[in-house]
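Taking it in order: structure first as structure tokens, then the write-up.
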Amino acid sequence: MDNFKCACVNLYEHDLARMLLGESFHPGGLGLTRELGELLGLTGGRTVLDVACGNGATALYLARAFGCRVIGVDLGAENIARARRKAAAEGLDGRVEFVRGDAEKLPVPGGSCDAVISECAFCTFPDKPAAAAEMYRALRPGGVLGISDMTVDQDRLPGDMKGLLFRAACIADALPVPAYLEILGAAGFSGFTVLDRHDALHALLASIRARFLLLELGKAFKKLDLDIDLEQTKALLNRGRQLVDDGVVGYVLLTAFKGRGRNNG
């Protein structure tokens, strides 16, 4: 596993990530997950692949809300273990399966899924064309893709926000919408729809700030033995809000189809 992938896994398996981000590690939470599922027309009997499933929140929600069979894939061993425990506790382990694997080499047969979902993760994949090709391969002909993700105008992103930490935090390696469409189109996807949901970023930043202040007041950082510059973190949250206001950073829901006439591998 390369350094960047390790950074992503470590960041999202950390206790602090769960404290600040809640159960759903993406803007809009399960509300946007439901919207994405509705856009894709998910129903019972469909097989859905959740790429970079994290702790399983999306996969479990889709199984509950839409009656789907869901396969969650994530690179983090601890994430997979947590997701499996949650599925068992909710009695969903017969309908939801969690497998450790890489988005750039998905551990599923070609043409085995009716839908592929990936929430706030595509932007972090080092080889996005490879991940897009794997999502295309996993889908049956006519299958649907749903992505919710960060967008960034890289020409306007401050230089000090392009390092490894900001790549793992879904900022430094995110792309503008046209670049995502080009990558996905080259993989074979078509019939795109794109919905602007930057308001979800504002809500997430406000939630993180509120949780952060509660942690600070409760001195939880000392209990977690974290070396965190509190003032610097607050300043970063303020900068993030300004970047969203200025249109440098955004968030979208994107859907597409796998063409029926192509070689489906």
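The values are calculated or read from the model by the stated rules, or taken from the named source; none is laboratory data. All values reported here derive from a predicted model rather than from experimental measurement. Note that we place each Cβ from the backbone using ideal geometry, even for glycine, and neighbour counts take in every protein chain shown. The area values use the complete protein model at the heavy-atom level, side chains included, leaving out ligands, DNA and RNA. Shrake-Rupley method; radii C 1.70, N 1.55, O 1.52, S 1.80 Å.
Structure summary
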| read-out | value |
| --- | --- |
| Whichever residue in the range 54-67 is modelled with pLDDT of 95 or more and hydrophobic (A, V, I, L, M, F, W, C) and, among such residues, is nearest to the chain's Cα centre (by Cα) | A59 |
| Number of the exception - E35 against (1) open to solvent by 40 Å² or more (accessible area, probe 1.4 Å); (2) at pLDDT below 95; (3) in a helix (DSSP H, G or I) | (2) |
| Residue that is modelled with the highest pLDDT [pool: residues in the range 173-207 that are within 21 Å of L157 (Cα to Cα) and touching a Leu at 6+ places or on another chain (Cβ under 7 Å)] | Y180 |
| Condition check for V99: closer than 22 Å to L184 by Cα, surrounded by 15 or more Cβ atoms within 10 Å (Cβ to Cβ) and either under 15 Å from the mean Cα position of the chain (by Cα) or without any contact (Cβ under 8 Å) to a residue 40 or more places away in the chain (or both) | no |
| Residue that is on the phi > 0 side of the Ramachandran plot, touching a residue at least 12 places away in the same chain (Cβ under 8 Å) and surrounded by 24 or more Cβ atoms within 10 Å (Cβ to Cβ), where the choices are G67, G54 | G54 |
| Neighbours by Cβ (under 7 Å, 6+ apart or cross-chain): first from the range 181-195, at positive phi; second of a type outside the set (S, T, Y) and open to solvent by less than 60 Å² (accessible area, probe 1.4 Å) | G188/K258; G188/G259; G191/A256 |
| Selection status of K105, among the charged types (D, E, K, R) and under 20 Å from L139 (Cβ atoms) | yes |
